[in-house]
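**Q** One structure coming up, written as structure tokens, with questions to follow.
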Amino acid sequence: MFWEKKLEKWVDGIRTKNAMPLRLELWNGQQYDFGVGAPQVTIRVPGISSLSYLLKPTLDNLGTAYVEGKLEIKGRLNEMISIANLLASSTIPSEGKLGRMKRHFRHNKEVDSEAIRYHYDVSNEFYQQWLDPNMLYSCAYFEQGDEDLATAQIKKIDHILTKIQLQPGNRLLDIGCGWGALVLRAAEKFGARCVGITLSERQYELARERVKQAGLPDRVEIRLEDYRDVQGNFERITSVGMFEHVGLRHLKDYFAKMRSLLTDDGVAMNHGITSTDPESGDTPFGGGEFIEKYVFPHGELPHIGLVLKTMQEGGMEALDIENLRHHYARTCAIWAENFENNTDKIQTLTDDKHYRIWRVYLAGCAYAFAQDRIALYQVVCGKNGRTSPLLPMSRRYMYES
């Protein structure tokens, strides 16, 4: 039959390029092994209609087939992710349309609000199963390398607030405040007066409750508000894990808005995921397409070069730049492990499809950060054109206790 010859040719091609501990099982009982020794991962094809996902194994196709139940995949999660990437890299060029596609999406207040609600309003209890107790959904900071997640997340907040030299009485705006951990810490430890904004109703409700429980409603305000609508002036501004939703074509305006809210002697920090493609293309082999479809609608990742260019165009000067890619690889790996360890509870909070989406997404992100397919940069910045430095001449102040 035609499909048998096509499949055998594809199998031979994969074996020649990259032997791997994979077994393929067909609906008719046929088996193909792709390496010597016992297979670590088994892919079962339940019917001929599912072959198309396998014969063109982009990460989008493989992820979609797994999520939608078109392919049955057995094995340890990390090994499943590694095999998927080996299949994709063995058959698809790393450049061009199927490599790092550069896409743009329409962004406005309504579209962005809908995208945020899709991702973050799953349920607070869902996120509590695999995040740290403070519910920080962004890259942790493993200063020594062996911290547990909760400790590393608090260190991340302190690292940010120390970098921007947050002082008692400073007015701090946190753009995309999540469940409020940063503004709570800024008020409690650093004595700041804080405003946190989010577009997620679930985050807004819980963050307000946490502020109330901490006894800080006089120093911390949580708003359900778009950053484009914020008015006022702030000595300090933080944006952690938010600008991925802004859109490549809107980065200049985003930084210009940040500038308009910052006092002349103010300091800001932008902490966000970036592409490692100089052209700001997606993660390779279709990974970005899968995330756009199932996880982060309309998300766009700029290269750090584009971040710095648009920051300058928006009237901001980069004062300090730090790449925390390895920190995010470790963070995502811990999240994925927590997700696995809490499978039974998580499956009571969502349906099977969304469980599979998040399972493969978290482990896939850990792999992507580890392999330098995406990165995480913290950029400290201030209004450009200043004749005197906003921060100390040495970076030593960031690490002095």
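The values are calculated or read from the model by the stated rules, or taken from the named source; none is laboratory data. The structure displayed is predicted, hence computed values, not measured ones. So basically every Cβ, Gly included, is an ideal-geometry build from the backbone, and we count neighbours across all protein chains shown. The protein model used for the area step is the full one, side chains on, heavy atoms only, and it has no ligands, DNA or RNA in it. Shrake-Rupley method; radii C 1.70, N 1.55, O 1.52, S 1.80 Å.
**Q** Sticking with the crude label model, points 7 Å out along Cα→Cβ, report the distance from Gln30 to His326 in nm, one decimal please.
**A** Taking the simple label geometry, Gln30 and His326 are separated by 4.6 nm.
**Q** Report in % the part of the accessible area of the chain that belongs to carbon and sulfur, leaving out ligands and nucleic acids; probe 1.4 Å.
**A** Working: 8230 of 17560 Å².
Answer for the chain: carbon and sulfur cover 47 percent of the accessible area.
**Q** Can you tell me which aspartates and glutamates have their Cα less than 15 Å from the Cα of Lys252? Leave out same-chain residues fewer than eight positions away.
**A** Glu244, Glu300, Glu313, Glu317
**Q** Extension gain Glu147-Glu400, at 0.36 nm per residue separation less the Cα-Cα distance, in nm? Before the final figure, lay out the partial values.
**A** Details: separation 253, 0.36 × 253 = 91.08 nm, distance 1.88 nm.
Between Glu147 and Glu400, full extension yields 89.2 nm more.
**Q** If I fit a long axis through the Cα atoms of helix 201-213 and take the longest principal axis of the Cα atoms of the chain, what angle between them do I get, 0 to 90°, rounded to 10?
**A** So the inclination is approximately 50 degrees.
**Q** How long is the gain from Ser388 to Glu221 if the chain were fully straight, where each residue apart is worth 0.36 nm and the alpha carbon distance is subtracted? Intermediate results must be reported in sequence, preceding the final value.
**A** On the way: separation 167, 0.36 × 167 = 60.12 nm, distance 3.23 nm.
Stretched fully, the Ser388-Glu221 segment lengthens by 56.9 nm.
**Q** Round to the nearest 10 and give me the degree value, 0 to 90, for the angle of helix 2-17's Cα axis relative to the longest principal axis of the chain.
**A** Result, in degrees: 60.
**Q** Tell me the Kirkwood radius of the stretch 343-401: reciprocal of the mean inverse pair distance over distinct alpha-carbon atoms, in Å. Walk me through the numbers on the way to the answer.
**A** On the way: mean 1/r = 0.0620 Å⁻¹.
Hydrodynamic radius (Kirkwood, Cα pairs) of the stretch 343-401 is 16.1 Å.
**Q** How much accessible area per residue does the chain have, counting only protein heavy atoms and a probe of 1.4 Å, in square angstrom? List each step's numbers first, then the result.
**A** Details: 17560 Å² over 401 residues.
Ligands and nucleic acids excluded, the figure is 44 Å² per residue.
**Q** Sorted from largest down, give the three principal axis spans of the alpha carbons of the chain, whole angstrom values.
**A** 74, 42, 42
**Q** Sticking with this structure for a sec: Roughly what % antiparallel, to the nearest 5, for the DSSP beta bridges in the chain? All intermediate terms of the calculation are to be shown ahead of the outcome.
**A** Working: 21 of 47 bridges.
Close to 45 percent.
**Q** Computed from the mean reciprocal separation of all distinct C-alpha pairs, what Kirkwood hydrodynamic radius does the stretch 264-401 have, in Å? Before the final figure, lay out each step's value.
**A** On the way: mean 1/r = 0.0583 Å⁻¹.
Computed over Cα pairs of the stretch 264-401, the Kirkwood hydrodynamic radius comes out at 17.2 Å.
**Q** Under 27 Å Cα-Cα from Lys56, which lysines qualify once same-chain neighbours fewer than 8 residues away are excluded?
**A** Cα-Cα hits under 27 Å: Lys5, Lys6, Lys9, Lys17, Lys70, Lys74, Lys97, Lys102, Lys293, Lys353.
**Q** What angle do you read, to the nearest 10 degrees and between 0 and 90, between the alpha-carbon axis of helix 109-120 and the longest principal axis of the chain?
**A** The answer is roughly 60 degrees.
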